[in-house]
1. Tell me the accessible surface of V182 in square angstrom (1.4 angstrom probe, heavy atoms of protein chains only), to the nearest ten.
2. Starting from 0.36 nm per residue, how many nanometres of slack lie between D146 and S51 once their C-alpha separation is accounted for?
3. With a cut-off of 8 Å between alpha carbons and a minimum separation of six or more residues, what is the relative contact order of segment 24-104 in percent?
4. If I take the Cα coordinates of segment 48-97 and project them onto the principal axes, what are the three extents in Å, biggest first?
5. What nm distance separates the two modelled labels at T165 and E69, each placed 7 Å from Cα along Cα→Cβ?
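The values are calculated or read from the model by the stated rules, or taken from the named source; none is laboratory data. A quick note: this is a predicted structure, and the numbers were derived from the prediction, not measured. Quick reminder, even Gly has a Cβ in these numbers, built from the backbone with ideal geometry, and neighbours come from all protein chains shown. Surface areas here come from the heavy atoms of the whole protein model, side chains and all, with no ligands, DNA or RNA. Shrake-Rupley method; radii C 1.70, N 1.55, O 1.52, S 1.80 Å.
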Amino acid sequence: MFLFEQWNFSLIRRHLGFGLNLAALGLFVPGILLPMFSLNMEMAGSLSGSSLVSTIVDKELSIIATVQELWEDQRMLVAALIFLFSVCIPVLKTSLVGLAYFKPGTQTEKRLFNFVSNIGKWSMADVFVVAVFLAILSTNHAETADTHNFSVFGFKLALDISTQTFSAVGEGFYYFTAYCIVSLIGTHLAWSAIDKH
């Protein structure tokens with residue numbers, strides 16, 4: 001009876017792990033395509049009551065858009081690393097876990113999970129990408145101001161120059177973060193369901 005209950009619980013974990021990995025894949029696609037964050041930087045100048053405001057940066061970036069922009073800016077190594085760790089390894093990991101699901105109780109299943117376990121350290125790089133975006137967002141509402149006084153033909157003028165940086169989390173950030181968490185839980189459940197011997 002105990003053996004049957006243990007087998008049944010293992011089967012539930014296996015199915016649940018597979019289902020969570022499918023859900024993770026559903027979160028992954030909008031996570032890389034939707035904007036992770038938006039960044040807006042403005043510079044304002046004021047000279048004796050007259051002011052001018054100019055937008056320096058105003059953009060929304062997803063992971064794919066970031067990779068594309070880095071590639072176009074000739075920063076190919078950084079673009080390739082972000083693409084590898086944020087797109088390729090997660091897709092490979094999810095594909096292998098899905099393939100292992102259809103090979104229950106076989107050596108292929110064990111080999112696939114061992115491989116996924118070995119690349120698990122590298123797949124944590126997707127969590128690192130989220131951390132990098134969080135670091136970027138920590139610049140939210142950063143403001144600098146500088147005042148210069150000078151005299152022209154005997155007239156005293158005050159020049160005020162200020163910059164403001166605003167950043168905000170986009171939908172893609174939440175999808176990608178949810179993907180990371182759901183994928184980790186799903187893979188752990190699927191891995192714990194197989195017989196390691």
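1. Accessible area, nearest 10 Å²: 30 Å².
2. Contour length minus Cα-Cα distance gives 32.8 nm.
3. Relative contact order comes out at 25 percent.
4. 65, 23, 11
5. Taking the simple label geometry, T165 and E69 are separated by 1.3 nm.
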